Ligand SMILES: [Zn+2]
């Protein structure tokens with residue numbers, strides 16, 4: 001999974017606000033899961049994810065390299081998590097985005113808590 005955050009959101013299945021898990025790929029919200037009933041809302045963000053990914057990969061290196069030359073030590077400790085894109089993290093993100101897109105296409109709104 002990518003980055004997972006928690007938030008209280010309205011669940012249509014529960015009919016009230018419940019704690020949810022929000023799974024992100026980079027800056028894009030991909031899956032919202034109600035932690036009470038297990039209802040998942042998956043979004044097909046493939047097109048936006050690829051555009052976002054391209055931007056993350058092309059816009060950062062030059063800027064990062066200049067900062068690195070100026071302040072090699074402080075630079076390493078100040079990197080935000082998302083700018084250092086490790087290969088296995090990228091793989092997890094891609095897997096998350098594509099599996100969510102596949103599920104979103106099925107228009108299946110049943111709880112999927114048994115799947116994990
Ligand atoms: Zn719910």
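Please specify each residue of segment 29-38 satisfying the condition of being buried (at least 20 other Cβ atoms within 10 Å of the Cβ) and either part of a loop (DSSP other than H, G, I, E, B) or in contact with a helix residue (DSSP H, G or I) (Cβ under 6 Å, 6 or more places away or on another chain) (or both).
Keep residues of segment 29-38 that are buried (at least 20 other Cβ atoms within 10 Å of the Cβ), which gives 30-31, 33-34.
Passing the criteria: 30, 31.
Kindly indicate whether any position in segment 39-60 is away from the ligand (no atom under 16 Å from the Cβ), out of contact with any helix residue (DSSP H, G or I) (no Cβ under 9 Å at 6 or more places or on another chain), modelled with pLDDT under 65 and not in a helix (DSSP H, G or I).
Among the residues of segment 39-60, not one is away from the ligand (no atom under 16 Å from the Cβ), out of contact with any helix residue (DSSP H, G or I) (no Cβ under 9 Å at 6 or more places or on another chain), modelled with pLDDT under 65 and not in a helix (DSSP H, G or I), which makes the answer no.
Find the residue count for segment 11-28, including only residues that are surrounded by fewer than 19 Cβ atoms within 10 Å (Cβ to Cβ), within 16 Å of the ligand (Cβ to nearest atom) and touching a residue at least 12 places away in the same chain (Cβ under 8 Å).
7
The values are calculated or read from the model by the stated rules, or taken from the named source; none is laboratory data. This structure is a prediction, so every number in the text was calculated from the model and none was measured. When we count neighbours, we look across all protein chains shown, and the Cβ atoms used for this are built from the backbone with ideal geometry, even at glycine.
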